[in-house]
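J.: Could you have a look at this structure, given as structure tokens, before my questions?
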Amino acid sequence: MTRYPVKNIKLFYFICGILVAVAALVLGINLLLGGRYVDLTADKKFSLSPQTLELLQRQEATIRLYVSKDMGSSRLAGYASYVRRLLSEYQRKSGGRVRVNIIKVEPFSSSQASAEKAGITPFYPEKNGVPVYFGVSVTNATGRTLAIAHLIPERQKALESDMSRLLSVSAVEKQPRIGVLSSYFRVANEANVLDYAENMPFVKELEARGFKIIPLSPTAAAIPEGIDVVLVFYPLNLGQEAIYALDQYLMWGGKIMMMLDVFSEERFRDLETYISYNSGLRDFLQNSGVSYQENVLVGDNVNSRSSVLDGHYIKYPFWLTVTESHIAKHPITEGIKTLFLNYSGFFDYLPQDNLKMTVLFTTGSNSGLMKAENVAAMDYDKLSEEYVPTNKEYPLALLLEGKFLSLFDRPLIEDRDMLSILPPFLSLPIKEGALLIVGDSDMAAEFLWNDDMTKDTPAFETAFSSDNIYFLQNMLDYLSQSGYVSVPVKREDSVDMSLAAYFYQSAAARYLKSKAQIADKKIIAAQEVAQAGRTLAAVSMPSAKRLKELEQLQRELSAADEALRRIDYQTKENYNDYLSLFAWVTIILLPAVFILAIGVGYRCYEIRIKRKAEEYVK
Amino acid sequence: MIRDILIFWAKEFRFYFQSRMIYLVLLLYAAISVGMTLYVSDFYQNTTAGLYQFFKFQPGIMALIIPALTMRFWADEYKHNTLEIVFSQPVDYAAVAIGKFLAAWSITGIMLISSTGLWLVVGVMIPLDNGWIAANYLISFLMSGSLCAVSAAAAAFCYNALGAFLASMIAGMLLATVKISLWVENLLPDNAAIAELSKVFDFTRQFDDLISGQAGVAAGVYFLVLTAAGLWISVAAAEYKRS
């Protein structure tokens, strides 16, 4: 008797039976375990955060992912696959409350029309190629639709953060109202909207993140009703009316967020000269125990970013990088890993009984102080000579919460008619307020958070270099009690640098210094040639000597060009050599060494067995 | 039974190394899989932390190489008439088949280890997700087990090594390279239910599901079921032929 029934029935039927059983088993297992996944990645890039899971328990929405059939690049196709997987987690974990529809968009079809109607914009990977659609829309139960018009792989680690934000924003009908009081932004009179500077699209980002931005007049003596948070951005010489308005706003339990700046790099760029800073808020801050020196910058020669100077990467102490170790644990800083600040001021604080103070982040221990006008005037060499670390950590952002005391003992405005339209004066607070102060306004400037720097990039579509925009979002969420979900950005989801970039950097490293020197020489030569050309053009009959000089300069210029081309060629050659070496090592050498080791090991084993056998025979 | 399996595994495993061909097979495998990663995919430009570009080629490459390991499973026994001697011993068909299968599967494990040089070298240069890569190696090993079992089943129907090689390769290639779900999707674009059903049986899709970082438990069980079914058919076919 055999265990296999092949003797009784034909093998064919038996195999068919097994295949059917396998099919049934696979189907059954898929029904039972189809929704169970294990996230193998170190950064848990396929797992949803507790904030998202909590949101999915109360949110009903439809997510539509629009994907072109032909994505045009393997990188985009790979990212589309990741997006699909993450969205399917949303559907699965919501227990059906969030539905995910994947719509394959074909050119010139109804699917293309529906994508465009939902706000998804096409892009063209090739000139004259077919349009590619890759975006997502969220529609809530009332039919309100929000969309990310174009999903980019550079934001992969923020995908869950963006999606959950969009979901929670779509559900809230009344957005938090943020009043912006700033000397930096102009208010366009006709529409009463902010005419914000080109490099400050953070306002647009905040609007996309669910905040209603309302410009405030710096000359008004009261904050209008219904403002949830006042954002005081780069205040300059604020008048008594504005200070009175802020003071009274705090007395009524208002929330203020201030971004001061001793040395605004943005403004310095605009004006091309340094102008000493005066916020006008000195007394207002001191009233709460905070002092801010408006002519002193804080630097850190360890926790700072690099700049290329004479072919070397040099840490520039006033381009601060604040990392997790110097960021306090607080709802505002949750998930914040890196912040960039340029030319920041710092705060001193005298504890007050009525206020609870939290230092949100500080510089590192290698910090030092310098006067702003000196920093503006010095070149790097002089700056590095004069910069002396004080081995002290300086607070860069403070949060004060509690009952603030008024700076005023009577109403600022005594005109009865005016008083009647202002809120009643309070010398003592009736509610707890909050004041959040940051020592730098440049941290909101686009060049400190947008790695891509493509102008007019819609919100949620920038390749971010720091967490600055998330910090701003968290600050406003916390102060306005918005109820929005703020999901921390995931850790690095992929390799920072591609292998090609690594090899190219290695190949270029040895020429970095000489290339920078030649480039400098080229600039000087080009300037001299231009100068000589202008001089020659001014005279009707140039002398032979002058012409020779010009020729000599032009020769120098072409020699510099030639040297740069040679360096580029040598870099490319080195790069190709590295690639060949890498391929040779990984394809042939290492496997061959391993296989040789196995062969030697097996041979040793054979010899041992043979000897044992011989000994046994003997 | 387990003792018998281990004895047959050790015997068959040693048998592989008695021929120098195995070293060539190992080298060929490492060269093809690393070479394809470097020259067929966008590995240099878009290096993923889990070495996805390396692992995605594994089903195709394994389907090509594994028949070389399984073709002699039964063919040599028939050729030298040793099967009768084996079965004159108090051993089960299943023990013989599982022992042979485990030996071939172990060789695929060695094959996979021989390709870890890529992981080591790239890991020195740029940070990789080592846990994910290690898991992907285990998943590839699991997948190669399924292909070994299917190849063993195909080989069990043939009397000579060449026939076994061809039958194994065709079976393996059909399974590991034909994307059933894509075919079904293109042939029946409006039938979402059938398209979904086809995904469940799609070998490459299930493998892709596992190595992408979000490993589906059902996909893992799929390979285990496939391995068990392949082994069962292989044992049944061998017994049927002997009878």
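The values are calculated or read from the model by the stated rules, or taken from the named source; none is laboratory data. From a predicted model like this one, the values you see are computed outputs, not experimental measurements. In this analysis, Cβ positions are derived from the backbone assuming ideal geometry, glycine residues included, and neighbour counts consider all displayed protein chains. Heads up: the accessible areas ignore ligands, DNA and RNA and are worked out on the full protein's heavy atoms, side chains in. Shrake-Rupley method; radii C 1.70, N 1.55, O 1.52, S 1.80 Å.
J.: In the full protein assembly as shown, how much of B:His80 is accessible to a 1.4 Å probe, in Å² to the nearest 10?
T.: Accessible area, nearest 10 Å²: 110 Å².
J.: Amide H of A:Thr338 versus every other amide H placed in the peptide plane: which residues, excluding those fewer than 5 positions away on the same chain, fall under 5 Å?
T.: So A:Thr338 has HN proximity to A:Asp467.
J.: Apply the Karplus parameterisation 6.51 cos²θ - 1.76 cosθ + 1.60, with θ equal to phi minus 60°, to every residue of segment A:571-584 and state each ³J(HN,Hα) to the nearest whole Hz, in sequence, with x for glycine and proline.
T.: Along segment A:571-584, the couplings run 4, 5, 4, 4, 4, 5, 4, 4, 4, 5, 4, 4, 4, 4 Hz.
J.: In square angstrom, rounded to the nearest 10, how much accessible surface does A:Lys10 have for a 1.4 Å probe?
T.: Taking all protein chains as shown, A:Lys10 has close to 140 Å².
J.: Then there is this: P(r) for segment A:465-618, please, calculated from all Cα pair distances in 5 Å bins and given in %.
T.: 2, 7, 8, 7, 6, 6, 7, 7, 8, 8, 8, 7, 5, 4, 3, 2, 2, 1, 1, 1, 0, 0, 0
J.: Just to confirm the filter: which chymotrypsin sites (Phe, Trp or Tyr not before Pro) across segment B:150-243 are DSSP coil and have at most 12 other Cβ within 10 angstrom of their Cβ? The partial results should precede the final answer.
T.: Working: sites: B:Phe157, B:Tyr159, B:Phe165, B:Trp183, B:Phe201, B:Phe203, B:Phe207, B:Tyr222, B:Phe223, B:Trp232, B:Tyr240; in loops: B:Phe157, B:Tyr159.
Sparse-neighbourhood loop chymotrypsin sites (Phe, Trp or Tyr not before Pro): B:Tyr159.
J.: Share of antiparallel DSSP beta bridges in chain A, in percent to the nearest 5?
T.: On the way: 50 of 77 bridges.
Expressed as a percentage, antiparallel bridges in chain A total about 65.
J.: While we're on this one: Which ³J(HN,Hα) values in Hz, rounded to whole numbers, follow from the phi angles of segment A:21-32 under the Karplus curve 6.51 cos²θ - 1.76 cosθ + 1.60, where θ = phi - 60° and Gly and Pro get x?
T.: Couplings: 5, 4, 4, 5, 5, 4, 5, x, 5, 5, 5, 6 Hz.
J.: On a 1.4 Å probe surface of the protein chains, which of B:Met173, B:Met21 comes out largest in accessible area, and what is the full order?
T.: Details: B:Met173 60, B:Met21 115 Å².
Listed by decreasing accessible area, they come as B:Met21, B:Met173.
J.: While we're looking at this one, here's another question. Determine by what factor the alpha-carbon radius of gyration of segment A:252-331 differs from 2.2 N^0.38 Å, reporting the quotient. Provide the component values of the computation, followed by the final result.
T.: Working: Rg = 16.4 Å, N = 80, 2.2 N^0.38 = 11.6 Å.
This ratio for segment A:252-331 stands at 1.41.
J.: Can you give me the solvent accessible area of A:Arg534 with a 1.4 Å probe, rounded to the nearest 10 Å²?
T.: The accessible area comes out at roughly 150 Å².
J.: Can you find, among B:Phe87, B:Cys158, B:Phe15, the residue sitting farthest towards the positive end of the charge dipole of the protein assembly as shown, where Lys and Arg contribute +1 and Asp and Glu -1 at Cβ?
T.: Farthest towards the positive end: B:Phe87.
J.: Once the mean 1/r over all distinct Cα pairs of segment A:74-159 is inverted, what Kirkwood radius in angstroms do you read off? Could you put the intermediate results ahead of the total?
T.: Working: mean 1/r = 0.0714 Å⁻¹.
The answer is 14.0 Å.
J.: Follow-up. Students sometimes get this wrong: rank A:Thr390, A:Thr586, B:Thr116 by accessible area, probe 1.4 Å, all chains present, largest first.
T.: Result of the area sort, largest leading: A:Thr390, B:Thr116, A:Thr586.
J.: Let me know the charge dipole size of chain A about its Cα centre in debye, to the nearest 20, where only the beta-carbon of Lys, Arg (+1) and Asp, Glu (-1) is charged. Don't jump to the answer; show the numbers that get you there.
T.: Details: 67 positive and 72 negative charges, 793 e Å.
Rounded to the nearest 20 debye, it is 3820 debye.
J.: Over chain A, with every protein chain in place, what whole percent of the accessible area is carbon and sulfur at 1.4 Å, could you tell me?
T.: Details: 16720 of 30980 Å².
That fraction is 54 percent.
J.: I've got another one for you. Give me the net charge for the shell around A:Asp300: Cβ to Cβ below 11 angstrom, other residues only, Lys and Arg +1, Asp and Glu -1. Working shown, then result.
T.: Working: positive: A:Arg305, A:Lys315, A:Lys392; negative: A:Glu393.
Once positives and negatives cancel, what remains is +2.
J.: May I pose another question? First measure r as the distance between the Cβ atoms of A:Val600 and B:Asn191, then evaluate 1/(1 + (r/R0)^6) with R0 = 45 Å and state the FRET efficiency to the nearest 0.05.
T.: On the way: r = 57 Å, r/R0 = 1.28.
E between A:Val600 and B:Asn191, to the nearest 0.05, is 0.20.
J.: Per residue, what accessible area does segment B:122-215 have, given a 1.4 Å probe and all protein chains present, in Å²?
T.: Numbers: 4000 Å² over 94 residues.
Result: 43 Å² per residue.
J.: For B:Ala10 and B:Val86 in one chain, what is 0.36 nm times their gap in residues minus the Cα-Cα distance, to one decimal in nm? Before the final figure, lay out the partial values.
T.: Values: separation 76, 0.36 × 76 = 27.36 nm, distance 1.49 nm.
Length difference between fully extended and current span is 25.9 nm.
J.: If you place +1 on the Cβ of every Lys and Arg and -1 on the Cβ of every Asp and Glu, how big does the dipole about the Cα centre of segment A:50-148 come out, in debye to the nearest 20?
T.: Values: 14 positive and 7 negative charges, 50 e Å.
My answer is approximately 240 debye.
J.: How far, in nm, would the chain grow between A:Thr273 and A:Tyr569 when pulled straight, counting 0.36 nm per residue and subtracting the alpha carbon separation? Provide the component values of the computation, followed by the final result.
T.: Details: separation 296, 0.36 × 296 = 106.56 nm, distance 4.05 nm.
Fully extending the segment from A:Thr273 to A:Tyr569 adds 102.5 nm.
J.: Taking the Cβ of A:Arg75 as the centre, find all other residues whose Cβ is under 11 Å away and add up their charges (Lys, Arg: +1; Asp, Glu: -1).
T.: Working: positive: none; negative: A:Glu154, B:Asp42.
That sum, taken over residues with Cβ under 11 Å, equals -2.
J.: Next question, about the same structure. Which whole-angstrom value gives the distance between the alpha carbon centres of segment B:88-132 and segment A:258-274?
T.: About 62 Å separates the Cα centre of segment B:88-132 from the one of segment A:258-274.
J.: Using Cα pairs closer than 8 Å and at least 6 residues apart in sequence, work out the relative contact order for segment A:230-285, in percent. Mind dumping the intermediate values first?
T.: Working: 50 pairs, mean separation 28.5, N = 56.
Reported relative contact order: 51 percent.
J.: Just to confirm a number: summing +1 for Lys and Arg and -1 for Asp and Glu over residues other than A:Leu33 whose beta-carbon lies under 15 angstrom from that of A:Leu33, what do you get?
T.: Details: positive: A:Arg36, A:Arg92, B:Lys199; negative: B:Asp209.
It works out to a net charge of +2.
J.: Over every pair of different alpha-carbon atoms in chain A, take the mean of 1/r and invert it; report that Kirkwood radius in Å.
T.: It works out to 29.8 Å.
J.: Leaving ligands, DNA and RNA out of it, report the carbon-plus-sulfur percent of the accessible area of segment B:48-177 at a 1.4 Å probe. Mind showing how you got there, number by number?
T.: Numbers: 3160 of 4370 Å².
Carbon-and-sulfur percentage of accessible area, whole number: 72.
J.: Roughly how big is the B-A contact, given as buried accessible area in Å² (both sides, 1.4 Å probe, nearest 100)?
T.: Values: alone 12530 and 33700 Å², together 40840 Å².
Buried area (both sides, nearest 100 Å²): 5400 Å².
J.: Calculate I(q)/I(0) for chain B by the Debye formula, one identical point scatterer on each C-alpha and no solvent, and give its log10 at q = 0.08, 0.10 Å⁻¹ to two decimals.
T.: -0.33, -0.50
J.: What FRET efficiency comes out for B:Asp42 versus A:Arg416 if R0 is 56 angstrom and r is the Cβ-Cβ distance? Round to the nearest 0.05.
T.: Numbers: r = 75 Å, r/R0 = 1.33.
About 0.15, to the nearest 0.05.
J.: What relative contact order, as a whole-number percentage, does chain A give when Cα pairs under 8 Å and 6 or more residues apart are counted? Mind dumping the intermediate values first?
T.: Details: 1015 pairs, mean separation 77.0, N = 618.
Averaging sequence separation for qualifying contacts and normalising by length gives 12 percent for chain A.
J.: To the nearest 20 debye, what is the magnitude of the charge dipole of chain B about its Cα centre, counting +1 on the Cβ of each Lys and Arg and -1 on the Cβ of each Asp and Glu? Working shown, then result.
T.: Details: 13 positive and 15 negative charges, 130 e Å.
Dipole magnitude for chain B comes out near 620 debye.
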